[in-house]
Structures are given as C-alpha cells and as structure tokens.
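The values are calculated or read from the model by the stated rules, or taken from the named source; none is laboratory data. These numbers come from a predicted model, not from an experiment. Virtual Cβ from ideal backbone geometry, glycine too; neighbours counted across all protein chains shown. Keep in mind that these areas ignore ligands, DNA and RNA; they rest on the heavy atoms of the full protein, side chains included. Shrake-Rupley method; radii C 1.70, N 1.55, O 1.52, S 1.80 Å.
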Amino acid sequence: MDFLNALVALTNFVIVPATAYGAQLALGALGVTLIYGILRFSNFAHGDTMAFGTMVTIFGTWGLQAAGVSFGPLPTALLALPLGIAVTALLMIGTDRVVYRFYRQQRAKPVIFVIASLGVMFIMNGIVRFFIGVDDQRFADGERFIIRARDFREMTGLDEGLAFRTTQGITIVVAIIAVVLLFWFLNRTRTGKSMRAFSDNEDLALLSGINPDRVVLVTWIIVAALATTAGVLYGLDKSFKPFTYFQLLLPIFASAIVGGLGNPLGAILGGFLIAFSEVGVTYAFRKVVGYLGPEDWQPEGLLQLLSTDYKFAVSFGILLIVLLFKPTGIMKGKSV
C-alpha cells in the first residue's frame, strides 16, 4: 500500500506536471526549430511572440465572457484561441516584411538576423506590457479538475490523493493534436514538402520552382499558431505574466538544441527531457521516500537537489552539457 501511495505522490507532483509542462515546451520548441530549419536563424523573439498571442487570446476571452459566452466545462480561452493565432500571424508576417525580408534580400549572415530578432523581442515585450500590464492574469474558467484528490482517495482507499487539473488534460490533448496536424502537413501536403525541401537545400529548391516567399509566409503562420497555442496552454495551466514568457525562452531554446535544432522530433523529445529534468531536480522527494521507508520513519530534510527558484538553471546546465559534448543534439539536428 505504501508503494502505491509513493507512486501516486510521484505521479501527482512530478509525472503529471512534467508531462503538461513538457507538452508546452515541445510546442514552443517546434516553433524555434522550424524557424531555424527553414529561415536559418535563432528567433530570440519567440518567447514574446508567445506572450503576444496569449495576450490577444486573453482579450478575446474577456470579451466572450462579458458577452455571456462560455465553453461549458472547458476554458473559454479555447474559443478565443483562433483570434489569438490570427492576430499573431498577422504580426509575424508584418514583422517579416518590415524587418527580416530586407536582410534575406541582402543575404545577411545568421548573426544579423539574431540581432534583429533581439530588437523585435524588446519591442514586442514593451507592446505586451503596455497593453496588459506586468501583473499576473488568470483567465482560466470552466471545470477546474478532471480528478480531485479527495475523490481519488475515496475511490482507492489510499492515503495519498491524485489531482488531475482540466488545464493539464487540455494541454496534453491539444499538444498531441497540434503535433499530429503539423507532421501530417509537413509530410503529406505539397506546401509542407516544399518547406522540407527548402530547409534541406535552398538553392536546389529554388531551381525546382519552389516559391520562397510562400514558404516564408506559411512558416510564419505555423510558428504563430504553435507559439500562441503554447503560450495559451501555459497561461491556462499556471498564469499569464509577460516576464515569465521572457524567461521561458531559455528552456524552449534548450529543448530545441538538446533535441537537435531543425529536427521537429528532436524538439518534442527535448521539451519533455527538459521538463522532467526541471521538475524532477526541484521536487522535494521527502514524502515519496517516507512512504517507501520503514513504518513511522521520515527522512530528515526535503531531499530536494535544487530549490524551485533555480529550475531554469537545470535547463541551462543541460544546454551547456549538450553544446560541449553533442552540439547536434540527441536527434542529430543542425550544429549550433
């Protein structure tokens, strides 16, 4: 029985949160790896793109709620998500036309694009803070739990309860749907195959008659959809705060690089690896070990490797190790 209690505690505080967080990082890392693979630069504005898309979705959610529209037990933000994606896509396309297209025409080096993306990042960060402020914004409504800890204890007779939030379930389901649709698009549609060809060999793709402007346009639309979806899911699961999305840039880039930049499967694998590492290293295992130890015994201390304040240091450490020993990442993407 104590082993089951330990397993439930581990699932409740490590496995379920890390799976939801990993799905959010995977969606974010997919956007980073698409830009790096197709447009060939590291987009440092990606975290603030997520924040912008989430902000628009929050405004849409508030508008629907004010009009008395809801989505039943599901968050109303899911109804406003298409609005967030559309506005973010327009912003991304406009940014490309105003900023990045000039450097593409000049055949600028990737570092120039990176510096330009830093400028875009600061501008977008200021826009988001100006319109929605710097404080936490909670916009989740609907049914809060799929499984409540009290109900789980009553059903199983265990001492430890398992709580599974609606936002965690939505995150996992939406992430699976988004990934399946993305891979279907890249592998089954003519435009997706053109994007892959453009990524593999730009000169040969141009000689084959592929329209580079169309590839760039579709890439930014897909990136906007992935970024907005990842940002909204993260905000629903936790809360929305612009500075938090700026901080998410580190684990998202770590996920993309660890998995292999330019490799979509690597981005997904890297997202879950970073998420489980961050949650596992910063979780206090005192309760779990207490269940597994002798009766009436509790270990001294929290059995926690790092405080949760240092969770981003975990992704930074993993990123450094990968860059030193395997710069192409686990799935052998493009070298950083």
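Filter segment 2-59 for residues that are open to solvent by less than 10 Å² (accessible area, probe 1.4 Å) and either without any contact (Cβ under 8 Å) to a residue 60 or more places away in the chain or of a type in the set (Asp, Glu) (or both) and give the result.
Correct list: 48 only.
How about segment 226-241: which of its residues are assigned to a helix (DSSP H, G or I) and surrounded by fewer than 24 Cβ atoms within 10 Å (Cβ to Cβ)?
237
Would it be correct to say that residue 318 is surrounded by 21 or more Cβ atoms within 10 Å (Cβ to Cβ) and over 16 Å from residue 27 (Cβ atoms)?
It is true that residue 318 is surrounded by 21 or more Cβ atoms within 10 Å (Cβ to Cβ) and over 16 Å from residue 27 (Cβ atoms).
Being open to solvent by less than 60 Å² (accessible area, probe 1.4 Å) and either within 20 Å of residue 144 (Cα to Cα) or in contact with a helix residue (DSSP H, G or I) (Cβ under 6 Å, 6 or more places away or on another chain) (or both) is the requirement here; does residue 64 meet it?
Here the answer is yes, as residue 64 does meet what is asked.
Test of understanding: among 113, 44, which residue is under 25 Å from residue 259 (Cβ atoms), more than 17 Å from the chain's Cα centre (by Cα) and not small (Gly, Ala, Ser)?
That would be 113, the only listed residue that is under 25 Å from residue 259 (Cβ atoms), more than 17 Å from the chain's Cα centre (by Cα) and not small (Gly, Ala, Ser).
Exactly one condition in (1) over 19 Å from the mean Cα position of the chain (by Cα); (2) surrounded by 14 or more Cβ atoms within 10 Å (Cβ to Cβ) is not met by residue 133; state its number.
The failed condition is (2).
Which residue is farthest from residue 251 (Cα to Cα), if the candidates are limited to segment 267-278 and must be open to solvent by less than 30 Å² (accessible area, probe 1.4 Å) and not polar (S, T, N, Q)?
Per the stated criteria, the residue is 267.
Given the conditions (1) open to solvent by less than 70 Å² (accessible area, probe 1.4 Å); (2) under 22 Å from residue 178 (Cβ atoms), report the number of the one that residue 114 does not fulfil.
If we test residue 114 against (1) open to solvent by less than 70 Å² (accessible area, probe 1.4 Å); (2) under 22 Å from residue 178 (Cβ atoms), just (2) comes out false.
Any residue in segment 81-94 that is free of Cβ contacts under 8 Å to residues at least 60 places away in the same chain sitting within a Cβ distance under 7 Å of a residue that is open to solvent by 10 Å² or more (accessible area, probe 1.4 Å) and among the β-branched types (Val, Ile, Thr)? List the pairs, counting only those 6 or more apart or interchain.
Listed pairs, sorted by first residue: 83/56; 87/56.
Quick check on my filter: what residues within segment 184-203 are among the hydrophobic types (A, V, I, L, M, F, W, C) and touching a helix residue (DSSP H, G or I) at 6+ places or on another chain (Cβ under 7 Å)?
185, 186, 195, 197, 198
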